[in-house]
Amino acid sequence: MYIPNNPFEVERLRAKLAKELNYSELDKTYSSRYPEIKDQNTPRLWDLLNKNNCTLMEENNAMLRDRLKSVAKMINGDNLNILNIGFGSGNLEKIYFAKKKNFNWRAIDISQHSVKRALKKYPKGKFEIGDITNIKNKDNQFDYVAALEVLEHIRPFFTFKALGEINRVLKKEGKLIISVPLNEGLEVMISKGKNPNAHVRIYTPSLIKAELSIAGFKILKEQMLFAFSKFYKIKTFISKYLIHGIRHPNNIIILAQKK
């Protein structure tokens, strides 16, 4: 198969193959032979970002609030074992810990600053430095794994390693809740020398669902979100239910189950 000479062409090829349900050819595009967007994700960078702006705190971002509330509602049951990968500012913990009492919560992040802050703020949880491509937990341990706004930071070469690790630590029929950005204009930003969130992937709904399917997950539910800064609820309602296509979604949440 033809190998494009720049990473943005590769991402467009992946999106095309995913839309065509050509998963066998899609899988081949994650080899080291394919060019990738430069990876700037380091513990030092995320310590700095979390110290400076707490990665878009919930009270300042309507779409983030919607995402967190939606994800919290997807986690159903008592006495659950839950793993939150890339917990960042602890926004999901803030909502879920106020809602539930009986659960075992573990969370990992590459940022030492995030871990230290979460340990002080949420003593009920267990927070530690961790890597999505090498999760330090036993097989079949968790009922739910959350990985919100994480996969777009993972180099394509490691995508299926990361999803394979999640699959490994989930119990039989355990559930994964994942979210990724859509239509953020990353190629244009990088052409102007900007990549403020250190993203290395360009996702479409078809592409993220294809990756999950290849990695051994069944899609149970999906939800699109829109980045409206004002009149969020009414504009989202109009975009979803009244005038389709008036605005492209900016985020997707997927609830998937281990096959």
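No lab work stands behind these numbers, since they all come straight from the coordinates. The structure displayed is predicted, hence computed values, not measured ones. All Cβ positions, glycine included, derive from the backbone under ideal geometry; neighbour counts span all protein chains shown.
The H on the amide N of K126, modeled in the peptide plane, is under 5 Å from the matching H of W105, R106, A107, each at least 5 residues off or on a different chain. Among S114, S89, S206, S24, a tally of other beta-carbon atoms within 10 Å of each Cβ gives an order, fewest to most, of S24, S206, S89, S114. Backbone geometry of the stretch 135-142 corresponds, through the Karplus equation with coefficients 6.51, -1.76 and 1.60 at θ = phi - 60°, to 3J(HN,Hα) couplings of 6, 8, 9, 6, 5, 6, 9, 10 Hz, x marking Gly and Pro.
For the chain, what is the relative contact order in percent, using Cα pairs closer than 8 Å and at least 6 residues apart in sequence?
With pairs under 8 Å counted, the relative contact order is 21 percent.
Note that the stretch 1-121 carries a Kirkwood radius of 17.4 Å, evaluated over its alpha carbons pair by pair. Over the stretch 39-258, with a single point scatterer placed on each C-alpha, what log10 of the ratio I(q)/I(0) does the Debye formula yield at q = 0.10, 0.14, 0.19 1/Å? So the normalised log intensities are -0.43, -0.88, -1.71. With both residues required to sit in the stretch 39-258, DSSP beta bridges show an antiparallel share near 45%. Here's the picture: charge each Lys and Arg Cβ at +1 and each Asp and Glu Cβ at -1 in the stretch 39-258, and of I214, F103, L151 the one pushed furthest to the positive end of that dipole is F103.
Subtracting the Cα-Cα distance of V188 and K259 from their residue separation scaled by 0.36 nm leaves 21.8 nm. Under the simplified labelling scheme, the M74-Y2 pair shows an inter-label distance of 3.6 nm, with each label point 7 Å from Cα along Cα→Cβ. Whole-Hz Karplus values for the stretch 36-45 come out as 10, 5, 4, 8, 10, 6, 9, x, 5, 4 Hz, taken residue by residue from phi with 6.51 cos²θ - 1.76 cosθ + 1.60 and θ = phi - 60°; glycine and proline positions read x.
Charge dipole of the chain (Cα centre as origin; +1 on each Lys and Arg Cβ, -1 on each Asp and Glu Cβ, all else neutral): 800 debye, rounded to the nearest 20. With contacts taken as Cα pairs under 8 Å at a separation of at least 6 residues, the stretch 1-135 carries a relative contact order of 19 percent. Normalising the average separation of contacting C-alpha pairs (under 8 angstrom, six or more residues apart) by the number of residues puts the relative contact order of the stretch 74-146 at 40 percent. Of the residues V169, S191, L119, the one whose Cα sits farthest towards the positive end of the charge dipole of the chain is L119 (charges of +1 on Lys and Arg Cβ, -1 on Asp and Glu Cβ, taken about the Cα centre). In plain terms, the chain from L119 to K101 could stretch by 4.8 nm, reckoned as 0.36 nm per residue minus the Cα-Cα distance.
Full extension of the chain segment joining N134 with R44 gains 30.5 nm, where the gain is 0.36 nm per residue of separation less the Cα-Cα distance. Annotation: amide H-H contacts under 5 Å for A227 (H modelled 1.01 Å from N, sequence separation of 5 or more, or interchain): N250. Each residue, K218 and E9, gets one label point 7 Å from its Cα in the Cβ direction; the gap between the two is 4.0 nm. Distances between placed amide hydrogens fall under 5 Å for V200 paired with H153, I154, all partners being 5 or more residues away or on another chain.
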